[in-house]
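K.L.:
Quick one: the structure is below, questions incoming.
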Amino acid sequence: MQVRGASTAVDCSKMKIPHVLTIAGSDSGAGAGIQADLKACAARGVYCSTVITAVTAQNTVGVQGVNIVSEDFVAEQLTSVLSDMQVDVVKTGMLPSVGIVKILCQKIREFPVRALVVDPVMVSTSGDVLAGASILPVFREELLPMAEIITPNLKEASALLGCAHLETVADMRSAAKSLHAFGPRNVLVKGGDLPDSSDAIDILFDGDNFYELRSPRVKTHNTHGTGCSLASSIAAELAKGSSTFSAVKVAKRFVETALDYSKDIIIGNGPQGPFDHLLRLKSSSHDCHRLGVFNPSDLFLYAVTDARMNKKWGRSIADAVKAAIEGGATIVQLREKDVETRDFLESAKACLEICRAYGVPLLINDRIDIALACGADGVHVGQSDMPARVARTLLGPEKIIGVSCKTPAQAEQAWIDGADYIGCGGVYPTNTKANNLTVGLDGLKTVCQASKLPIVAIGGIGPSNARAVMEIGVPSLKGVAVVSGLFDRECVSTETRKLHGMLTEARSLVNEKKRHN
Ligand SMILES: Cc1ncc(COP(=O)(O)OP(=O)(O)O)c(N)n1
Ligand SMILES: Cc1nc(C(=O)O)sc1CCOP(=O)(O)O
Ligand SMILES: [Mg+2]
């Protein structure tokens with residue numbers, strides 16, 4: 001990845017907004033190309049500038065004509081934007097000639113950016129050729145080595161490698177590894193066209209690890225422009241500062257959600273319609289108040305409420321939540337098992353206001369409907385609740401989803417299903433949850449070592465044992481979740497403060513140990 005040098009003419013009191021430059025072809029039907037890139041970037045909240053390489057006459061039936069922009073004029077557009085507009089990430093789409101690819105590489109060397117996302121567009125969804133085989137050598141030799149990530153579909157991957165069709169997940173893995181040898185830091189081989197698969201499976205390879213990203217295939221013809229939109233969304237997340245891995249996860253979720261939202265819309269008479277990127281403008285107005293991307297360090301001191309305990313101590317849920325946050329809780333879950341739906345919704349709204357005021361995320365236990373209705377930041381579900389992948393479809397790409405897991409296999413499934421974190425327990429016996437299986441510190445350690453997701457430990461945890469939990473010292477363990485240790489007490493804020501202090505001490509000790517090892 002190239003790093004831009006210090007900028008001289010920017011006024012620091014003004015706000016810099018993340019900026020993606022897309023260099024691609026125009027699609028008159030606006031389903032793909034420059035138009036898809038603009039809409040995806042708008043939906044993902046970043047600025048998007050455009051360098052047009054070709055103008056296509058195109059609709060949902062196919063591509064009727066292509067007019068390639070001269071190399072000199074592509075160069076002029078690139079200079080105009082790159083020399084002036086603080087571009088963070090460049091994303092490529094249709095690059096129809098060797099000369100245009102060479103000019104792009106030269107301009108990126110002249111005006112370095114933080115990352116280059118290469119979507120090696122060659123054939124449109126309708127089967128029309130957008131860039132011929134003549135560009136393959138310059139792709140391999142010049143463009144790919146500059147890329148932070150490349151996002152070929154199955155056909156593009158086999159064209160770049162000059163190999164036969166890819167037909168299985170094993171083929172995709174091997175293609176990702178071979179493509180990585182051309183020099184990009186990451187390769188995402190998209191398996192949307194994989195035969196006989198009810199899931200959309202993509203393979204991400206970062207040079208060390210393979211990640212199999214799976215999601216249920218959305219049944220729709222409105223898929224024109226999904227590749228452009230995915231690559232632009234990855235570019236947008238990178239521009240906002242995400243790691244490549246989370247950029248890919250968020251972008252994939254975003255496209256799936258938009259596809260699902262648009263599955264029944266009708267635009268055009270052809271076999272492949274466009275989808276609607278700006279679904280969020282039409283969905284819940286609560287979305288505009290959301291806190292932002294999930295931060296695993298929010299799991300540090302996770303307060304989980306309990307209606308019975310609040311009743312016993314004569315507190316409202318909102319009072320309990322406020323006291324926990326004032327004591328240092330870093331995330332709150334409303335686990336209100338015996339409360340009427342209408343009352344639960346009212347309390348959740350009140351708690352959300354408190355959480356927003358303190359910048360603390362609010363999750364709802366089990367009840368996706370309550371989370372949606374009040375605009376909470378996410379949900380926590382267990383193995384017998386709504387499956388996480390269904391919750392993800394209902395809640396969209398940005399809400400936080402936690403899943404209870406007692407085994408590495410469950411943790412793996414949670415990751416595949418698009419969860420953000422895992423609650424692992426019972427670490428110790430508990431009276432709060434009936435018939436709960438205790439996994440102990442060893443069980444917790446086993447899950448933490450296997451998990452690709454951050455973990456919060458739960459079950460019988462309080463001041464007497466929180467340190468022992470944190471001292472298992474596995475990096476995926478981010479904190480502890482506590483019910484009775486905070487809420488079955490006279491003063492919630494005092495108990496929370498005490499536990500926060502102990503956790504902070506334990507974390508320092510673990511970090512100290514790491515520094516010495
Ligand atoms: C952080 C956290 N971890 C685990 C659980 C337990 O969820 P679940 O297994 O669904 O059980 P219930 O809480 O619904 O009884 C949790 N709530 N929070
Ligand atoms: C809600 C819950 N889930 C658990 C699990 O093992 O998944 S243990 C648990 C109860 C935790 O309450 P306390 O902090 O009072 O022990
Ligand atoms: Mg549950």
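K.L.:
What tally of residues in the range 357-394 results from selecting those that are within 11 Å of ligand 3 (Cβ to nearest atom), β-branched (Val, Ile, Thr) and within 13 Å of Ala414 (Cα to Cα)?
P.N.:
So the count comes out to 1.
K.L.:
Which one of these does Ala324 not meet: (1) more than 22 Å from the chain's Cα centre (by Cα); (2) under 23 Å from Cys424 (Cα atoms); (3) within 16 Å of ligand 3 (Cβ to nearest atom)?
P.N.:
(3)
One line per residue, one yes/no per condition, for (1) open to solvent by 60 Å² or more (accessible area, probe 1.4 Å); (2) in the same structural domain as Val63 (by TED's automatic domain parsing); (3) in contact with a Leu (Cβ under 8 Å, 6 or more places away or on another chain):
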position: Ser97; (1), (2), (3): no, yes, no
position: Ala115; (1), (2), (3): no, yes, yes
position: Ile135; (1), (2), (3): no, yes, yes
position: Leu161; (1), (2), (3): no, no, yes
position: Leu166; (1), (2), (3): no, no, yes
position: Ala170; (1), (2), (3): yes, no, no
position: Ser178; (1), (2), (3): no, no, yes
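K.L.:
Taking the range 301-321 on its own, how many of its residues are in a helix (DSSP H, G or I), away from ligand 1 (no atom under 16 Å from the Cβ) and under 35 Å from the mean Cα position of the chain (by Cα)?
P.N.:
Selection size over the range 301-321: 2.
K.L.:
With respect to Asp366, determine if the residue is away from ligand 1 (no atom under 11 Å from the Cβ), touching a residue at least 12 places away in the same chain (Cβ under 8 Å) and either under 21 Å from the mean Cα position of the chain (by Cα) or not assigned by TED's automatic domain parsing to the domain that holds Arg44 (or both).
P.N.:
So Asp366 does not fit the description; no.
K.L.:
State whether the residues of the range 374-383 include one that is surrounded by fewer than 24 Cβ atoms within 10 Å (Cβ to Cβ) and within 10 Å of ligand 1 (Cβ to nearest atom).
P.N.:
So far as the range 374-383 goes, yes, one or more of its residues are surrounded by fewer than 24 Cβ atoms within 10 Å (Cβ to Cβ) and within 10 Å of ligand 1 (Cβ to nearest atom).
K.L.:
Cβ-Cβ distance below 6 Å, separation of 6 or more or different chains: which pairs start in the range 474-502 with a residue that is assigned by TED's automatic domain parsing to the domain that holds Val304 and end on one that is within 16 Å of ligand 3 (Cβ to nearest atom) and among the charged types (D, E, K, R)?
P.N.:
Once the first residue is assigned by TED's automatic domain parsing to the domain that holds Val304 and sits in the range 474-502, its partners that are within 16 Å of ligand 3 (Cβ to nearest atom) and among the charged types (D, E, K, R) give Val483/Asp306; Phe487/Asp306.
K.L.:
Say we look at the range 389-418 and pick out the residues that are modelled with pLDDT under 95 and within 16 Å of ligand 2 (Cβ to nearest atom); which of these is nearest to the chain's Cα centre (by Cα)?
P.N.:
Among those that are modelled with pLDDT under 95 and within 16 Å of ligand 2 (Cβ to nearest atom), it is Ala414.
K.L.:
Of all residues in the range 29-72, which are of a type in the set (Gly, Ala, Ser) and assigned to a loop (DSSP other than H, G, I, E, B)?
P.N.:
Gly29, Ala30, Gly31, Ala32, Gly45, Gly62, Ser70
K.L.:
Of all the residues that make up the range 368-386, how many are within 14 Å of ligand 2 (Cβ to nearest atom) and in a loop (DSSP other than H, G, I, E, B)?
P.N.:
4
K.L.:
Any residue that is more than 12 Å from ligand 1 (Cβ to nearest atom), open to solvent by 10 Å² or more (accessible area, probe 1.4 Å), among the acidic types (Asp, Glu) and in contact (Cβ under 8 Å) with a residue 12 or more places away in the chain - is there at least one of those in the range 419-428?
P.N.:
Among the residues of the range 419-428, not one is more than 12 Å from ligand 1 (Cβ to nearest atom), open to solvent by 10 Å² or more (accessible area, probe 1.4 Å), among the acidic types (Asp, Glu) and in contact (Cβ under 8 Å) with a residue 12 or more places away in the chain, which makes the answer no.
K.L.:
Return the residues of the range 399-418 that are over 18 Å from Ile370 (Cβ atoms), among the charged types (D, E, K, R) and surrounded by 18 or more Cβ atoms within 10 Å (Cβ to Cβ); say none if nothing qualifies.
P.N.:
Lys406, Asp417 - these are the residues of the range 399-418 that are over 18 Å from Ile370 (Cβ atoms), among the charged types (D, E, K, R) and surrounded by 18 or more Cβ atoms within 10 Å (Cβ to Cβ).
K.L.:
State all residues of the range 331-360 that are within 15 Å of ligand 1 (Cβ to nearest atom) and at pLDDT below 95; if no residue qualifies, say none.
P.N.:
Selection gives Glu336, Lys337, Asp338, Val339, Val360.
K.L.:
Contact list please: Cβ distance under 9 Å, first residue in the range 140-164 and among the hydroxyl-bearing types (Ser, Thr, Tyr), second residue assigned to a loop (DSSP other than H, G, I, E, B) and modelled with pLDDT under 95, pairs at least six apart or on different chains.
P.N.:
Ser158/Ala164; Ser158/His165; Ser158/Leu166
K.L.:
Shifting gears a bit: Which is surrounded by 22 or more Cβ atoms within 10 Å (Cβ to Cβ) and more than 19 Å from Ser232 (Cα to Cα), of Val74, Val20, Val66?
P.N.:
Val74
K.L.:
Among the residues of the range 176-200, write down those that are in a loop (DSSP other than H, G, I, E, B), modelled with pLDDT of 95 or more and farther than 19 Å from Ile234 by Cα.
P.N.:
Ala181, Phe182
K.L.:
Would you pick out the residues in the range 479-517 that are under 15 Å from Ala457 (Cβ atoms) and open to solvent by 70 Å² or more (accessible area, probe 1.4 Å)?
P.N.:
Met502, Arg507
K.L.:
Could you tell me which residue of the range 323-357 is surrounded by the fewest Cβ atoms within 10 Å (Cβ to Cβ), considering only residues that are of a type in the set (Lys, Arg) and free of Cβ contacts under 8 Å to residues at least 40 places away in the same chain?
P.N.:
Ranking the qualifying residues of the range 323-357, first place goes to Arg342.
K.L.:
What's the number of the condition Ala9 fails, among (1) open to solvent by 70 Å² or more (accessible area, probe 1.4 Å); (2) at pLDDT 90 or above; (3) more than 19 Å from Leu278 (Cβ to Cβ)?
P.N.:
(2)
The values are calculated or read from the model by the stated rules, or taken from the named source; none is laboratory data. These figures come from a predicted structure and were not determined experimentally. In this analysis, Cβ positions are derived from the backbone assuming ideal geometry, glycine residues included, and neighbour counts consider all displayed protein chains. Surface areas here come from the heavy atoms of the whole protein model, side chains and all, with no ligands, DNA or RNA. Shrake-Rupley method; radii C 1.70, N 1.55, O 1.52, S 1.80 Å.
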